[in-house]
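Peer 1: Mind having a look at this structure? Questions to follow.
The values are calculated or read from the model by the stated rules, or taken from the named source; none is laboratory data. All of these numbers come straight from a predicted model, not from anything done at the bench. Glycine gets a Cβ as well: all are built from the backbone with ideal geometry, and neighbour counts include every protein chain shown. These accessible areas exclude ligands, DNA and RNA; they are computed on the full protein's heavy atoms, side chains included. Shrake-Rupley method; radii C 1.70, N 1.55, O 1.52, S 1.80 Å.
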Amino acid sequence: MADLNDPARLAELHHVLLRDDADAILDACVERAAELARAPMALVSLVVRHIQLFRAHRGLPPDLGVSCATSRSSSFCQLVVRHEEPLVVEDAVHDERVPKELVERYGIRAYAGVPVRVRRHVVGSLCVIDLVPRTFEPGVVEGLHQLAAEAGARLEALESDTPPPSRAAKERLARFGQTARALERALMAIAPVIAEAQRAAATLPEAAQIAPSPDDLRAAVDCYRDMFAIAAELADDAMALSRSAPAEEASELAQATRSLTRDMVEISPLVRLAESVLGGTLDEGAAARAAHVVRDAFAAHETATSAVRRIITTVERARTAEAR
(Lines give C-alpha, C1' and ligand atoms only; values in the text may rest on other atoms or scores of the structure.)
Protein backbone atom coordinates (compact mmCIF):
# COMPACT_ATOMS: atom_id res chain seq x y z
CA MET A 1 0.00 0.00 0.00
CA ALA A 2 1.42 3.37 -1.02
CA ASP A 3 1.89 6.36 1.26
CA LEU A 4 -0.03 9.21 -0.37
CA ASN A 5 2.27 11.74 1.30
CA ASP A 6 5.50 10.00 0.29
CA PRO A 7 7.91 12.85 -0.62
CA ALA A 8 9.35 10.80 -3.48
CA ARG A 9 5.89 10.33 -5.01
CA LEU A 10 5.04 14.00 -4.59
CA ALA A 11 8.39 15.00 -6.09
CA GLU A 12 7.37 13.32 -9.35
CA LEU A 13 4.49 15.80 -9.54
CA HIS A 14 6.58 18.91 -8.94
CA HIS A 15 7.11 20.16 -12.51
CA VAL A 16 3.77 18.81 -13.75
CA LEU A 17 1.84 20.77 -11.10
CA LEU A 18 3.38 24.05 -12.24
CA ARG A 19 1.56 23.68 -15.58
CA ASP A 20 -2.19 24.00 -15.92
CA ASP A 21 -2.48 24.67 -19.65
CA ALA A 22 -4.68 22.37 -21.73
CA ASP A 23 -2.80 19.48 -23.27
CA ALA A 24 -4.06 17.87 -26.49
CA ILE A 25 -2.62 14.43 -25.70
CA LEU A 26 -4.13 14.23 -22.20
CA ASP A 27 -7.42 15.60 -23.52
CA ALA A 28 -7.43 12.90 -26.19
CA CYS A 29 -6.81 10.24 -23.52
CA VAL A 30 -9.93 11.24 -21.56
CA GLU A 31 -12.02 11.49 -24.74
CA ARG A 32 -11.00 7.98 -25.77
CA ALA A 33 -11.58 6.67 -22.25
CA ALA A 34 -15.12 8.05 -22.20
CA GLU A 35 -15.84 6.55 -25.62
CA LEU A 36 -14.32 3.20 -24.65
CA ALA A 37 -16.49 2.89 -21.53
CA ARG A 38 -19.50 4.73 -23.01
CA ALA A 39 -19.42 6.92 -19.90
CA PRO A 40 -20.39 10.61 -19.64
CA MET A 41 -17.34 11.64 -17.60
CA ALA A 42 -13.64 10.86 -17.73
CA LEU A 43 -10.55 12.47 -16.25
CA VAL A 44 -6.84 12.26 -15.51
CA SER A 45 -6.39 13.04 -11.82
CA LEU A 46 -3.25 13.93 -9.89
CA VAL A 47 -3.48 13.07 -6.19
CA VAL A 48 -1.56 15.58 -4.07
CA ARG A 49 -1.48 16.13 -0.28
CA HIS A 50 -4.80 17.87 0.26
CA ILE A 51 -6.65 17.64 -3.03
CA GLN A 52 -6.88 15.74 -6.28
CA LEU A 53 -6.38 17.89 -9.36
CA PHE A 54 -7.99 17.18 -12.72
CA ARG A 55 -5.21 17.55 -15.30
CA ALA A 56 -7.60 16.69 -18.12
CA HIS A 57 -11.33 16.07 -17.97
CA ARG A 58 -14.54 15.61 -19.92
CA GLY A 59 -18.17 15.95 -18.85
CA LEU A 60 -17.71 17.25 -15.28
CA PRO A 61 -20.40 19.34 -13.54
CA PRO A 62 -19.75 23.08 -14.15
CA ASP A 63 -18.38 23.87 -10.68
CA LEU A 64 -15.93 20.94 -10.75
CA GLY A 65 -14.96 21.88 -14.29
CA VAL A 66 -14.04 25.34 -12.99
CA SER A 67 -12.17 24.29 -9.86
CA CYS A 68 -10.61 21.24 -11.58
CA ALA A 69 -10.27 19.61 -8.16
CA THR A 70 -11.92 17.91 -5.22
CA SER A 71 -10.66 17.18 -1.72
CA ARG A 72 -8.42 14.15 -1.67
CA SER A 73 -10.34 12.72 1.26
CA SER A 74 -13.58 12.61 -0.75
CA SER A 75 -12.09 11.24 -3.97
CA PHE A 76 -12.29 7.76 -5.44
CA CYS A 77 -8.93 8.19 -7.19
CA GLN A 78 -7.06 8.27 -3.86
CA LEU A 79 -7.90 4.55 -3.51
CA VAL A 80 -6.36 3.79 -6.91
CA VAL A 81 -3.17 5.58 -5.86
CA ARG A 82 -3.09 4.17 -2.35
CA HIS A 83 -3.50 0.55 -3.48
CA GLU A 84 -1.65 1.02 -6.80
CA GLU A 85 -4.24 -1.04 -8.63
CA PRO A 86 -7.50 -0.58 -10.57
CA LEU A 87 -10.72 0.27 -8.76
CA VAL A 88 -14.08 -0.68 -10.25
CA VAL A 89 -17.27 0.47 -8.53
CA GLU A 90 -20.61 -0.69 -9.96
CA ASP A 91 -22.86 1.11 -7.45
CA ALA A 92 -21.17 3.65 -5.19
CA VAL A 93 -24.21 3.99 -2.94
CA HIS A 94 -23.74 0.42 -1.72
CA ASP A 95 -19.94 0.15 -2.01
CA GLU A 96 -18.34 0.54 1.42
CA ARG A 97 -14.88 1.16 -0.03
CA VAL A 98 -15.62 4.63 -1.39
CA PRO A 99 -16.34 7.98 0.31
CA LYS A 100 -19.94 9.10 -0.06
CA GLU A 101 -19.60 12.89 -0.34
CA LEU A 102 -19.33 13.00 -4.15
CA VAL A 103 -22.02 10.35 -4.40
CA GLU A 104 -24.44 12.54 -2.47
CA ARG A 105 -23.40 15.88 -3.95
CA TYR A 106 -23.08 14.93 -7.63
CA GLY A 107 -24.88 11.60 -7.95
CA ILE A 108 -21.81 9.56 -8.89
CA ARG A 109 -22.75 5.90 -9.01
CA ALA A 110 -20.24 3.96 -11.15
CA TYR A 111 -16.48 4.37 -11.48
CA ALA A 112 -13.57 2.59 -13.13
CA GLY A 113 -10.04 3.91 -12.59
CA VAL A 114 -6.51 2.67 -13.19
CA PRO A 115 -3.13 3.95 -11.95
CA VAL A 116 -1.21 6.63 -13.84
CA ARG A 117 2.51 6.20 -13.25
CA VAL A 118 5.40 8.60 -13.62
CA ARG A 119 8.45 6.38 -13.58
CA ARG A 120 7.99 4.08 -10.56
CA HIS A 121 5.39 6.10 -8.66
CA VAL A 122 1.61 6.17 -9.04
CA VAL A 123 0.75 9.88 -9.20
CA GLY A 124 -2.93 9.67 -10.07
CA SER A 125 -5.64 7.88 -11.97
CA LEU A 126 -7.23 7.74 -15.38
CA CYS A 127 -10.89 7.03 -14.75
CA VAL A 128 -14.40 7.01 -16.16
CA ILE A 129 -17.52 7.94 -14.18
CA ASP A 130 -21.23 7.33 -14.65
CA LEU A 131 -24.32 8.63 -12.90
CA VAL A 132 -26.17 5.32 -13.02
CA PRO A 133 -25.24 1.95 -11.49
CA ARG A 134 -23.65 -0.27 -14.14
CA THR A 135 -21.11 -2.92 -14.93
CA PHE A 136 -18.18 -2.22 -17.23
CA GLU A 137 -17.77 -4.44 -20.27
CA PRO A 138 -14.81 -6.80 -20.55
CA GLY A 139 -11.82 -4.98 -21.98
CA VAL A 140 -12.65 -1.58 -20.47
CA VAL A 141 -10.09 -1.83 -17.68
CA GLU A 142 -7.46 -3.18 -20.08
CA GLY A 143 -8.14 -0.28 -22.43
CA LEU A 144 -7.90 2.19 -19.56
CA HIS A 145 -4.50 0.72 -18.65
CA GLN A 146 -3.24 1.48 -22.17
CA LEU A 147 -4.55 5.03 -22.04
CA ALA A 148 -3.08 5.52 -18.55
CA ALA A 149 0.32 4.49 -19.90
CA GLU A 150 0.00 7.17 -22.59
CA ALA A 151 -1.04 9.73 -19.98
CA GLY A 152 1.91 8.84 -17.72
CA ALA A 153 4.34 9.14 -20.62
CA ARG A 154 2.88 12.52 -21.47
CA LEU A 155 3.21 13.77 -17.89
CA GLU A 156 6.87 12.77 -17.93
CA ALA A 157 7.36 14.63 -21.21
CA LEU A 158 5.83 17.79 -19.71
CA GLU A 159 8.63 18.04 -17.19
CA SER A 160 11.18 20.74 -17.91
CA ASP A 161 14.80 20.23 -16.93
CA THR A 162 16.06 23.54 -18.32
CA PRO A 163 18.52 24.93 -15.76
CA PRO A 164 18.00 28.50 -14.56
CA PRO A 165 20.53 31.23 -15.36
CA SER A 166 23.81 30.93 -13.49
CA ARG A 167 24.38 33.28 -10.56
CA ALA A 168 26.98 33.53 -7.85
CA ALA A 169 25.93 31.59 -4.76
CA LYS A 170 25.83 34.67 -2.51
CA GLU A 171 23.73 36.60 -4.99
CA ARG A 172 21.34 33.66 -5.36
CA LEU A 173 20.95 33.31 -1.60
CA ALA A 174 20.30 37.03 -1.12
CA ARG A 175 17.74 37.11 -3.90
CA PHE A 176 16.16 33.90 -2.64
CA GLY A 177 15.69 35.40 0.81
CA GLN A 178 14.21 38.63 -0.57
CA THR A 179 11.76 36.70 -2.74
CA ALA A 180 10.71 34.46 0.14
CA ARG A 181 9.99 37.47 2.34
CA ALA A 182 7.88 39.06 -0.41
CA LEU A 183 5.91 35.86 -0.66
CA GLU A 184 5.46 35.70 3.13
CA ARG A 185 3.97 39.22 3.08
CA ALA A 186 1.63 38.25 0.25
CA LEU A 187 0.47 35.12 2.06
CA MET A 188 -0.25 37.19 5.17
CA ALA A 189 -2.21 39.69 3.08
CA ILE A 190 -4.40 37.05 1.47
CA ALA A 191 -5.04 35.17 4.75
CA PRO A 192 -8.18 37.14 5.79
CA VAL A 193 -9.91 36.42 2.46
CA ILE A 194 -8.99 32.74 2.68
CA ALA A 195 -10.42 32.61 6.20
CA GLU A 196 -13.64 34.34 5.15
CA ALA A 197 -14.08 32.00 2.17
CA GLN A 198 -13.54 29.04 4.47
CA ARG A 199 -16.26 30.28 6.82
CA ALA A 200 -18.59 30.77 3.85
CA ALA A 201 -18.02 27.23 2.58
CA ALA A 202 -18.63 25.82 6.06
CA THR A 203 -21.97 27.57 6.56
CA LEU A 204 -24.03 26.52 3.56
CA PRO A 205 -26.67 27.58 2.56
CA GLU A 206 -25.93 30.99 4.15
CA ALA A 207 -22.61 31.22 2.30
CA ALA A 208 -23.74 33.84 -0.19
CA GLN A 209 -24.50 36.26 2.63
CA ILE A 210 -21.05 36.06 4.25
CA ALA A 211 -18.78 35.39 1.26
CA PRO A 212 -15.92 37.85 0.60
CA SER A 213 -16.83 41.03 -1.28
CA PRO A 214 -16.07 41.25 -5.03
CA ASP A 215 -13.28 43.76 -4.37
CA ASP A 216 -11.70 41.46 -1.78
CA LEU A 217 -12.02 38.48 -4.11
CA ARG A 218 -10.46 40.36 -7.01
CA ALA A 219 -7.56 41.54 -4.86
CA ALA A 220 -7.04 38.02 -3.52
CA VAL A 221 -7.03 36.52 -7.03
CA ASP A 222 -4.50 39.08 -8.25
CA CYS A 223 -2.38 38.47 -5.16
CA TYR A 224 -2.45 34.72 -5.71
CA ARG A 225 -1.41 35.02 -9.36
CA ASP A 226 1.60 37.09 -8.30
CA MET A 227 2.43 34.60 -5.54
CA PHE A 228 2.28 31.65 -7.91
CA ALA A 229 4.78 33.30 -10.24
CA ILE A 230 7.07 34.04 -7.29
CA ALA A 231 6.83 30.42 -6.06
CA ALA A 232 7.75 29.14 -9.52
CA GLU A 233 10.72 31.52 -9.54
CA LEU A 234 11.83 30.21 -6.15
CA ALA A 235 11.64 26.66 -7.48
CA ASP A 236 14.06 27.57 -10.29
CA ASP A 237 16.42 29.30 -7.88
CA ALA A 238 16.31 26.35 -5.49
CA MET A 239 17.48 24.11 -8.32
CA ALA A 240 20.43 26.40 -8.96
CA LEU A 241 21.26 26.68 -5.25
CA SER A 242 21.37 22.90 -4.94
CA ARG A 243 24.58 23.06 -6.97
CA SER A 244 26.27 25.82 -4.97
CA ALA A 245 24.90 26.22 -1.43
CA PRO A 246 26.09 24.09 1.52
CA ALA A 247 24.66 20.58 1.11
CA GLU A 248 22.44 20.54 4.20
CA GLU A 249 20.91 23.96 3.55
CA ALA A 250 20.51 23.27 -0.18
CA SER A 251 18.61 20.08 0.59
CA GLU A 252 16.33 21.85 3.06
CA LEU A 253 15.67 24.71 0.63
CA ALA A 254 14.80 22.30 -2.17
CA GLN A 255 12.43 20.35 0.08
CA ALA A 256 10.71 23.46 1.47
CA THR A 257 10.36 25.02 -1.98
CA ARG A 258 8.82 21.87 -3.44
CA SER A 259 6.39 21.86 -0.52
CA LEU A 260 5.57 25.52 -1.13
CA THR A 261 4.89 25.16 -4.85
CA ARG A 262 2.62 22.16 -4.25
CA ASP A 263 0.69 24.21 -1.68
CA MET A 264 0.29 27.04 -4.16
CA VAL A 265 -1.08 24.61 -6.72
CA GLU A 266 -3.49 23.21 -4.16
CA ILE A 267 -4.87 26.69 -3.44
CA SER A 268 -5.52 27.22 -7.17
CA PRO A 269 -8.97 25.51 -7.28
CA LEU A 270 -10.28 28.12 -4.84
CA VAL A 271 -8.81 30.87 -7.01
CA ARG A 272 -10.48 29.48 -10.13
CA LEU A 273 -13.80 29.42 -8.29
CA ALA A 274 -13.31 33.06 -7.24
CA GLU A 275 -12.52 34.02 -10.84
CA SER A 276 -15.68 32.28 -12.04
CA VAL A 277 -17.78 34.28 -9.54
CA LEU A 278 -16.13 37.54 -10.62
CA GLY A 279 -16.65 36.62 -14.28
CA GLY A 280 -20.31 35.70 -13.75
CA THR A 281 -19.98 32.09 -14.93
CA LEU A 282 -20.88 30.70 -11.47
CA ASP A 283 -23.11 32.20 -8.82
CA GLU A 284 -21.83 32.48 -5.25
CA GLY A 285 -23.93 29.58 -4.03
CA ALA A 286 -22.52 27.17 -6.64
CA ALA A 287 -18.98 28.38 -5.97
CA ALA A 288 -19.46 27.91 -2.22
CA ARG A 289 -20.74 24.37 -2.75
CA ALA A 290 -17.65 23.56 -4.81
CA ALA A 291 -15.43 25.23 -2.20
CA HIS A 292 -16.96 22.88 0.33
CA VAL A 293 -15.86 19.94 -1.81
CA VAL A 294 -12.30 21.29 -2.06
CA ARG A 295 -12.29 22.35 1.60
CA ASP A 296 -8.93 20.65 2.21
CA ALA A 297 -7.36 23.20 -0.13
CA PHE A 298 -7.83 25.78 2.61
CA ALA A 299 -5.21 23.93 4.67
CA ALA A 300 -2.67 24.53 1.92
CA HIS A 301 -2.48 28.24 2.78
CA GLU A 302 -1.31 27.46 6.31
CA THR A 303 1.27 24.92 5.18
CA ALA A 304 2.47 27.30 2.44
CA THR A 305 3.05 29.98 5.06
CA SER A 306 5.01 27.51 7.20
CA ALA A 307 7.09 26.47 4.18
CA VAL A 308 7.99 30.09 3.39
CA ARG A 309 9.09 30.73 6.97
CA ARG A 310 11.21 27.58 6.87
CA ILE A 311 12.79 28.83 3.64
CA ILE A 312 13.63 32.20 5.22
CA THR A 313 15.25 30.54 8.25
CA THR A 314 17.27 28.17 6.06
CA VAL A 315 18.46 30.98 3.78
CA GLU A 316 19.74 32.93 6.78
CA ARG A 317 21.62 29.87 7.99
CA ALA A 318 23.08 29.25 4.53
CA ARG A 319 24.18 32.89 4.18
CA THR A 320 25.89 32.66 7.58
CA ALA A 321 27.69 29.51 6.44
CA GLU A 322 28.74 31.21 3.14
CA ALA A 323 30.20 34.17 5.05
CA ARG A 324 32.53 32.02 7.10
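Peer 1: For residue 68, are the conditions met, namely being closer than 25 Å to residue 289 by Cβ and out of contact with any Asp or Glu (no Cβ under 9 Å at 6 or more places or on another chain)?
Peer 2: Judged against the criteria, residue 68 is not a match.
Peer 1: Same structure again: From the list 76, 54, which one is crowded, with 19+ Cβ neighbours inside 10 Å and over 12 Å from the mean Cα position of the chain (by Cα)?
Peer 2: So the residue among 76, 54 that is crowded, with 19+ Cβ neighbours inside 10 Å and over 12 Å from the mean Cα position of the chain (by Cα) is 76.
Peer 1: Among the residues that make up the range 147-170, is at least one of them of a type in the set (Asp, Glu), at pLDDT 80 or above and in contact with a Cys (Cβ under 7 Å, 6 or more places away or on another chain)?
Peer 2: yes
Peer 1: The conditions are (1) at pLDDT below 75; (2) more than 22 Å from residue 184 (Cβ to Cβ); (3) among the acidic types (Asp, Glu), and residue 233 fails exactly one of them. Which is it?
Peer 2: (2)
Peer 1: Give me the residue from the range 9-26 that is at pLDDT 75 or above and open to solvent by 40 Å² or more (accessible area, probe 1.4 Å) and, out of that set, nearest to residue 146 (Cα to Cα).
Peer 2: 25
Peer 1: For the range 108-121, indicate whether the set of residues that are modelled with pLDDT under 90, open to solvent by 70 Å² or more (accessible area, probe 1.4 Å) and under 19 Å from residue 52 (Cα atoms) is non-empty.
Peer 2: Among the residues of the range 108-121, not one is modelled with pLDDT under 90, open to solvent by 70 Å² or more (accessible area, probe 1.4 Å) and under 19 Å from residue 52 (Cα atoms), which makes the answer no.
Peer 1: Report, by residue number, each residue of the range 124-138 that is at pLDDT 95 or above and farther than 16 Å from residue 60 by Cα.
Peer 2: Correct list: 124, 133, 134, 135, 136.
Peer 1: Please find, within the range 296-310, the residue that is surrounded by the most Cβ atoms within 10 Å (Cβ to Cβ) out of those that are touching a residue at least 24 places away in the same chain (Cβ under 8 Å) and either in a loop (DSSP other than H, G, I, E, B) or of a type outside the set (A, V, I, L, M, F, W, C) (or both).
Peer 2: My answer is 301.
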